[in-house]
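> For reference, the structure I am asking about is given below.
Values in this text are rule-based calculations from the coordinates and carry no lab data. The shown structure was predicted, so the numbers you read here are calculated from the model rather than taken from an experiment. Heads up, the Cβs are rebuilt from the backbone with ideal geometry, glycines too, and the neighbour counts pull from every protein chain shown.
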Amino acid sequence: MKKDIINKNIIMTEIIESISIAKQWLQEASVSGGLFEKTGLSYRGLFKAPLGFQSVGLFPEAARSLNILKSKFIQADGDFRDPPEVELDIHPAPSLQFFYPYRTSWVTIGAQRLGRYDISRATGNFILSLQDNNTGGFLASMNSSARYFNIVGTSQAVLAALALGEWDAAKKGADFLVNVFEIQSAHLQRFYTTVDEHLSVVEDWPPAASGYGSLEIGKPNQYSYVTGLAAAVLAVSYRIFGQQRHLQASKGYYDFTVRIHEDTFTNPACGKLMWSAALLYTITDEPKYLEHCELASKTICSIINRIPHMHIDTIYPDYTKQPVPFTFEVAFEYIYWLTEVVKELL
């Protein structure tokens, strides 16, 4: 236990230093670096901004980002997307194609926490309209005739439902995540992220989207955040609803994610896994989760620490082209997960 306390203090010290660096950079970028001018061109740069800004106490910037989102990207039906007259990115964000509720859920949580209920209720109602009454999952795509439900969109939608106090919707969504895991748990060499309305896994994905449709043990550079997020959300839902199935499935998703490849904790996609490790550590007191949290946090902090050396045009030069790996979107997300980890380890 003494060793765990020492490790927790080391982890938190490193994380807090990185958060401080990121906060200063965000302040400078907001005032003189053109952050809002750059990110105001498309929803992709700002949908995580309200949570990212408020997590480090930059409330005026968080409010400003919400005002931009409301004026430009939140539609009359509460959906959050580029207006029809804006041509979509050449490489659209995955949240637009494969897990539709994802980005709107980020906006909803940020608006709710900041007391902008005019926004959170509108976007929240839109998200809730995407939930399937039978499976509990949230619709994965608005552009498909088939009704598919993905664990990423549903996971983030569950967090939004919890933020709104929509307990029934949140529990149904969490139960969906458990069911998707349980129907595949007997043979977890490959995990499929999406099911149809009969809870049958969807295996037929276009090659360009295959990374979002399934994860396979032994392959490097995969989107491990997909199952890492489900593990975290089920840990949160376990705390609220006390369902053992939620905790067991959270551990199952987590263990699968760790097994994917030896690069899991060095992959830049490990931020959500870092959060799930912190959650499961506080719930179970098992040392392995703290060890994994430290590994993942070192990766995320090392990226955050490079921010001051990157020019804003290098980070996100042109919204009509594929963005470079480090974007404002990722920066806001990393900062948010790091602050959530500190809360868990305090």
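> Which GluC sites (Glu not before Pro) in segment 203-267 sit in a loop by DSSP (not H, G, I, E or B) and have at most 11 other Cβ atoms within 10 Å of their own Cβ?
The qualifying sites are 203, 262.
> Which loop trypsin sites (Lys or Arg not before Pro) in segment 111-173, with loop taken from DSSP, have no more than 16 other Cβ atoms within 10 angstrom of their Cβ?
For trypsin sites (Lys or Arg not before Pro) across segment 111-173 that sit outside H, G, I, E and B with at most 16 neighbouring Cβ atoms in 10 Å, the list reads 147.
> Between residue 9 and residue 71, what FRET efficiency comes out of the Förster formula 1/(1 + (r/R0)^6) with R0 = 25 Å and r the beta carbon distance, rounded to 0.05?
Here the calculated transfer efficiency is 0.05.
> Taking neighbour counts of Cβ atoms within 10 Å as a proxy for exposure, in what order, fewest first, do 292, 261 appear?
With the sparsest Cβ surroundings first, the list reads 261, 292.
> Right, something else. Mind running the shape call on segment 178-298? Use the C-alpha gyration tensor, a ≥ b ≥ c as the square roots of the eigenvalues: rounded below 1.5 for a/c, prolate if a/b tops b/c, oblate otherwise.
The shape class here is oblate.
> Mind giving me the FRET efficiency for residue 200 and residue 244? R0 is 30 Å, r the Cβ-Cβ distance, nearest 0.05 is fine.
0.70
> Sticking with this one: Over segment 174-291, calculate the relative contact order: mean separation of alpha carbon pairs under 8 Å at least 6 apart, over the residue count, as a percent.
25 percent
> List the GluC sites (Glu not before Pro) in segment 153-198 that DSSP assigns to loop (not H, G, I, E or B) and whose Cβ has at most 16 other Cβ atoms within 10 Å. Which are they?
Answer by residue number: 197.
> Quick one: which residues, 5+ away or cross-chain, put their amide H under 5 Å from the amide H of residue 214? H built at 1.01 Å from N.
193
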